[in-house]
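Below is one structure, written out as structure tokens, with a few remarks after it.
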């Protein structure tokens, strides 16, 4: 496994309607979380980049989960704008020409290719016209990401073992759809718990609703950090 600070392996998703609510949640979480995901909901709310800068000023790392998907030139120029934002990661959908365009302008920003959303199952990809398995599609897109020069992929814990088997540590694996024991799956389809995610080869996990909707978000985050510590003893 990569040399990553244990308490940075949890990425808490600030999936709330406004930047003010995101700041309030981050303050409640305190030092239980060091890495935050800010995504599309907040991007449409106003104050996104001010929030990003505020999180960075507090010592946090930021994952800009924007799932960029447009013609390659537009994505290239968008990444050029993002690279000085202070974000650590940005997501781009895993279509080869788009990934290649994103990589051209990334600088220190790490590009994560979205393989297959964790809310999709076999039926969903069949509806999209893909005849193979979810796992095969994830592997196909992970290979394209590596060949394009991406830093990592977004993939569920169910596919992470195959990614590790085929590509070793050449790609970061960031796993969403993680549900601590006792949490409901909600609209996610391909879920694992914290220990399963890291045993499968994840470098980072993204956790949203189990933290955000907890009666005590900080305690929920600390419980996840304790599970992570158990996965990486010493």
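All of the numbers you see were taken from the coordinates with simple rules; none came from a lab. These numbers were taken from a predicted model, which means no experiment stands behind them. Methodologically, a virtual Cβ is constructed for each residue, glycine included, from the backbone with ideal geometry; neighbour enumeration extends over all protein chains shown.
Return yes or no: is residue 26 within 19 Å of the chain's Cα centre (by Cα), farther than 24 Å from residue 111 by Cβ and outside any loop (DSSP other than H, G, I, E, B)?
yes
Scan the stretch 1-20 for residues that are in a helix (DSSP H, G or I) and surrounded by 15 or more Cβ atoms within 10 Å (Cβ to Cβ) and jot them down.
7, 8, 19
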